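See structure below.
Computed from the coordinates by the stated procedures, all read-outs in this text should not be read as laboratory data. Bear in mind that the values here come from a model prediction, so they are computed numbers and not experimental data. FYI the Cβ positions are ideal-geometry reconstructions off the backbone, even for glycines, and counts take in every protein chain you see.
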Amino acid sequence: MTSGGPGLRGLLLQLAVAQTASGGPRTAAFVSGFLARLLLDPPSEALHALLGRRVDPPLDHDGLDTLVEAVACLFRKADQTDLAKEWTRLFVGPRAAPCRPWHDTWECEGPPRLRGTKHLSMVAFYRRAGLEPVNLESEPADHAGLVLALFSALATRAAEGEDVKALLEDLWAAHVASWLPRFAETLVAEARVPALKAAGELLLQSVS
């Protein structure tokens, strides 16, 4: 199964642009939404309950059901204080965080800065899709979680039969393939808590 765009690759994209009957778009929507919540929301009981939600029918592409369940299980079993501290250490702060979750901070020259060209580009992608990024005043639109949230929304439309292939491929080229594999590799290398390392491994498999 391959995407129709020249030079584009990545498991989530391949699934999202596959035939609706294959279940690929539905799987891409769930997994990208799952990862978006992990990156956007600090650990909490509400987040763990959401991550533990079963999918019916199960995900059946490339072992993703097993990987997703493993990540959710590790989040539920982790020491919540340690998990929250590690989440903060990894993701909070555009300069000090080892896994900065904003696209702009991976592309700019000099000290990392927020709300640059990648932020503006993501705002445009959201509006092209007829949507607005949540909490735009407090969270730049190029946050990895918001990139994946938009991808999930578009994959959901694809699962419902809407033709959003071009938008999915454009989003992937501009804001996924260009940096999320590097971000995921850094998360796997830097995470000191098994739940977050496993989340990085799931993200890396999904965007590679």
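For the chain, how many pairs of lysine residues have a Cα-Cα distance under 25 Å, where the two are 8 or more positions apart or belong to different chains?
Value for the chain: 4.
Rounded, prolate or oblate: pick one for region 48-147, where a ≥ b ≥ c are the square roots of the eigenvalues of its C-alpha gyration tensor, a/c under 1.5 means rounded, and failing that, prolate if a/b is larger than b/c, else oblate.
oblate
Calculate the translational D of region 15-54 in whole µm² s⁻¹ from Stokes-Einstein, where the hydrodynamic radius comes from the Kirkwood formula applied to all Cα pairs, the temperature is 10 °C and the viscosity 1.306 mPa s.
Answer from the Stokes-Einstein relation: 144 µm²/s.
Could you tell me the calculated FRET efficiency between ARG95 and ALA173, based on Cβ-Cβ distance and R0 = 35 angstrom, to the nearest 0.05?
With R0 = 35 Å, the Cβ-Cβ based efficiency is 0.80.
Write down Rg/Rh for region 93-208, rounded to two decimals, with Rg from the C-alpha atoms and Rh from the Kirkwood relation over Cα pairs.
Result for region 93-208 is an Rg/Rh of 0.97.
FRET efficiency for ASP79 and GLU160, Cβ-Cβ distance as r, R0 = 41 Å, nearest 0.05?
The formula returns an efficiency of 0.55 here.
Give me the dipole magnitude in Debye, nearest 20, for region 11-207 about the Cα centre, with unit charges on the beta carbon: positive for Lys and Arg, negative for Asp and Glu.
So the magnitude is around 340 debye.
Listed highest first by mean packing, meaning other Cβ atoms within 10 Å per residue, what order do 174-180, 42-48, 147-153, 98-104 come in?
Result, highest mean first: 147-153, 98-104, 174-180, 42-48.
Hey, any idea what the orientation-averaged projected area of the convex hull of the chain's Cα atoms comes to, in nm²?
If you wrap the Cα atoms of the chain in a convex hull and average its projections, you get 10.9 nm².
Relative contact order of region 59-207: what whole-number percent is it, with Cα pairs under 8 angstrom and at least 6 residues apart?
It comes to 26 percent, rounded to a whole number.
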